[in-house]
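The values are calculated or read from the model by the stated rules, or taken from the named source; none is laboratory data. Keep in mind that this is a model prediction, so the values were computed, not measured. Methodologically, a virtual Cβ is constructed for each residue, glycine included, from the backbone with ideal geometry; neighbour enumeration extends over all protein chains shown.
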Amino acid sequence: MKRLIKMGIALLLLPIFPAPAFFPATAEAAGGGPIKIIVTTDIHGYLAYDPENRRPGLARLKAYADRLAADGYLTFLLDCGDAVSGGAYAQADRGRLAADLMGLAGYRALTPGNHEFDHNEAEKNFLYYSEELLPLMRRHSPGRPEATAVNLSYNGRDLPGVTRAPIIIYDETAENPDGLRLIAAGVAHPYTARPTLAPSIPGYDFGLKADGGATREFLLAQLDSALSAYGRDNDVVIVLSHLGFPDDRNGDQVAGPDLAAAENVDFIADGHSHRAVAPRRIGAAVYGNGGRYLENFLEISIEKDQRRMELKGFSDLAPIPPDPGLEERLAQFELAHGFNEVLLNLGDDVFSDRNPNRGPSPLGRLITRSMAAASGADLAFHNSTTIRAGLPRGPVTTRLMYDVLPFANALLTYRLTGREIEALFQTYLADGPGRVQFHGVQVRAYPKPGGGLVPAEIRADSGEALEPERVYSVAVNGFLSRGRGGFSFQGRESRDHGDLTAAVIKQLKQLAPGDLNGESLLGDNLIVMESGAEAGRPEKLSSPGAGSGR
């Protein structure tokens, strides 16, 4: 009955559907009081107030929730995942502060995102999220936070601390059988167990099947089963999704709006794709995506005459004085971790472009040079995709460097022959120049049919050709060490030099101003020629490192 009523209302509203989305309540709540549900996603440790980037911070979000409560709303905080790994405030202590502050803010329900398990390897604990972060969140929390994901299991059972069942976050039926119930169900990212992360999550199953259609069918079946008991007219079901908006998915991957096909779903609060999407009706459900970094969030209102979802953001929170308790905790954390320490001052913006898809950049060379210096390696590699910010002109602080390298990564060295290094470049240039940043060698390459590059010549920075049988020390980040494409470091003996971001920060502290102007940073170290026929010619024909040849 509930779904038929909703579908009828949806058909009436669809031609004139505005944002925010809403559908009228089919029955008044027994208690009659208004309810506000705030849903965040992809916080990624961006907990502090940052007006320049329009990030309000968690202290203002809590103050906003407290203000709603003071105005007479029953208020709940929910989260769609990826909160404890990312920016400085998550990386410096591997998510502990983020979990603790979310608990203090009063979060009630959440679903884990694909980055919730990033710290497992560094902490040498496959259950770090379950055994350390979730208990921290609950320790001082007034909200009794619970984690849920219908498609997440561990060795065939519930992941400790995370239930596959929906969570009833509010229930009036003890006083009135027809009263309101609020239900939250979670859907974790089925593609979490990608090859590079799989070694740190053995036993985890996220419901990934052979293809997108099979995965979608499985998720919908799990969600239908979990929500089968919540078909009353006065049940409001909120799905906390970490799937992403369709425009941002790859191929036939499942996306958040697909969940509207499940029975009894009223609202889908989505995350993962880092792009805010204003609420819109999809079938009988209302879908929205809260974006990232608290720059936006979703607000669901349950009142006598209507139920609606709105997209809100920085302007809604910036004028509100922050919660003093959370602000003090952040200040203490910044002091303890030296976040405001200035590492260097940049006179121009040569390092401002992180250049993730267009080839090696000055910033990438600065990072890999620091990796080589910190580990004593001959050359260093770092994948472009985990460099998440640039360095603008002016002071570069410790906090900013954590934003540049925001994910848990070890600094490792391997011993490879010149021949093996050439094979490595064959792999990492196969899909084009944007895959890898490197230091210590100069590479000339040409396009191959069908895309990608083929290395034609590899020379050390000194100008000497790599010797095929000579053994070189090669530094890589933990992400690359787990293997990509046809070349893998798996099974090779490595030396661990500790946390990569901390090692880079230490090297930057030691730089003199002139150290930023060398050819190894500002000159292109990947030269792309027009074709294989050009491989023997010395002249540079084109370079993918736009703006880096200063």
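A few notes on this one:
- You will find that of Ala65, Ala69, the residue that is assigned to a helix (DSSP H, G or I), of a type in the set (Gly, Ala, Ser), out of contact with any helix residue (DSSP H, G or I) (no Cβ under 8 Å at 6 or more places or on another chain) and modelled with pLDDT of 95 or more is Ala69 and no other.
Table: residues versus (1) of a type outside the set (A, V, I, L, M); (2) in contact with a Lys or Arg (Cβ under 6 Å, 6 or more places away or on another chain); (3) buried (at least 22 other Cβ atoms within 10 Å of the Cβ).
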residue: Gln437; (1), (2), (3): yes, no, yes
residue: Gln442; (1), (2), (3): yes, yes, no
residue: Pro449; (1), (2), (3): yes, no, no
residue: Val454; (1), (2), (3): no, yes, no
residue: Glu457; (1), (2), (3): yes, yes, no
residue: Glu464; (1), (2), (3): yes, no, no
residue: Glu469; (1), (2), (3): yes, no, no
residue: Asn477; (1), (2), (3): yes, no, yes
residue: Leu480; (1), (2), (3): no, no, yes
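- Qualifying residue in segment 409-430 (condition: surrounded by fewer than 20 Cβ atoms within 10 Å (Cβ to Cβ), at pLDDT below 90 and β-branched (Val, Ile, Thr)): yes
- Only one of the numbered conditions (1) at pLDDT 90 or above; (2) more than 20 Å from Gln510 (Cα to Cα); (3) out of contact with any Leu (no Cβ under 9 Å at 6 or more places or on another chain) is violated by Ala445, and that is (3).
- Members of segment 80-122 that are free of Cβ contacts under 8 Å to residues at least 60 places away in the same chain, crowded, with 24+ Cβ neighbours inside 10 Å and assigned to a helix (DSSP H, G or I): Ala98, Ala99, Met102
- With respect to (1) more than 22 Å from Glu121 (Cβ to Cβ); (2) in contact with a helix residue (DSSP H, G or I) (Cβ under 7 Å, 6 or more places away or on another chain), the lone exception for Asn477 is condition (1).
- Only one entry of Ile268, Ile168, Ile238 meets the criterion of being part of a strand (DSSP E or B), surrounded by fewer than 20 Cβ atoms within 10 Å (Cβ to Cβ) and either without any contact (Cβ under 8 Å) to a residue 40 or more places away in the chain or out of contact with any Pro (no Cβ under 9 Å at 6 or more places or on another chain) (or both), and that entry is Ile168.
- Flag for Arg232 being touching a residue at least 60 places away in the same chain (Cβ under 8 Å) and more than 19 Å from the chain's Cα centre (by Cα): yes
- Test set (1) under 18 Å from Ile421 (Cα atoms); (2) touching a Pro at 6+ places or on another chain (Cβ under 6 Å); (3) not charged (D, E, K, R) - Phe351 fails condition number: (1)
- Cβ-Cβ under 6 Å pairs, at least 6 apart or on other chains, segment 199-216 side without any contact (Cβ under 8 Å) to a residue 12 or more places away in the chain and farther than 25 Å from Leu480 by Cα, far side surrounded by 20 or more Cβ atoms within 10 Å (Cβ to Cβ) and aliphatic (A, V, I, L, M): none
- Filter pass, Ser315 being surrounded by fewer than 19 Cβ atoms within 10 Å (Cβ to Cβ), among the polar types (S, T, N, Q) and not assigned by TED's automatic domain parsing to the domain that holds Arg388: yes
- Gln442 over 15 Å from Leu500 (Cα atoms) and either in contact with a strand residue (DSSP E or B) (Cβ under 9 Å, 6 or more places away or on another chain) or part of a helix (DSSP H, G or I) (or both): yes
- Lone qualifier among Glu310, Glu328 - being among the charged types (D, E, K, R) and either in a helix (DSSP H, G or I) or surrounded by 20 or more Cβ atoms within 10 Å (Cβ to Cβ) (or both): Glu328
- For segment 123-131, the count of residues that are in contact with a helix residue (DSSP H, G or I) (Cβ under 7 Å, 6 or more places away or on another chain), assigned to a loop (DSSP other than H, G, I, E, B) and either over 20 Å from Thr41 (Cα atoms) or among the polar types (S, T, N, Q) (or both) is nonzero.
- Residue match in segment 361-375 (condition: in the same structural domain as Glu467 (by TED's automatic domain parsing), at pLDDT below 95 and part of a loop (DSSP other than H, G, I, E, B)): yes
- Count - residues of segment 241-259 that are out of contact with any Pro (no Cβ under 7 Å at 6 or more places or on another chain), surrounded by 18 or more Cβ atoms within 10 Å (Cβ to Cβ) and not charged (D, E, K, R): 8
- Selection within segment 331-350: residues that are buried (at least 20 other Cβ atoms within 10 Å of the Cβ) and within 23 Å of the chain's Cα centre (by Cα). The member of this set that is nearest to Asn477 (Cα to Cα) is Phe339.
- Restricting the first member to segment 295-320 and to residues that are hydroxyl-bearing (Ser, Thr, Tyr), and the second to residues that are in a strand (DSSP E or B), the beta-carbon pairs closer than 9 Å and six or more apart or on different chains are Ser301/Phe22; Ser301/Ile35; Ser301/Lys36; Ser301/Ile37; Ser301/Arg307; Ser301/Arg308; Ser301/Met309; Ser301/Glu310.
- Residue check, Tyr293 outside any loop (DSSP other than H, G, I, E, B), crowded, with 17+ Cβ neighbours inside 10 Å, of a type in the set (Phe, Trp, Tyr) and in the same structural domain as Ala193 (by TED's automatic domain parsing): no
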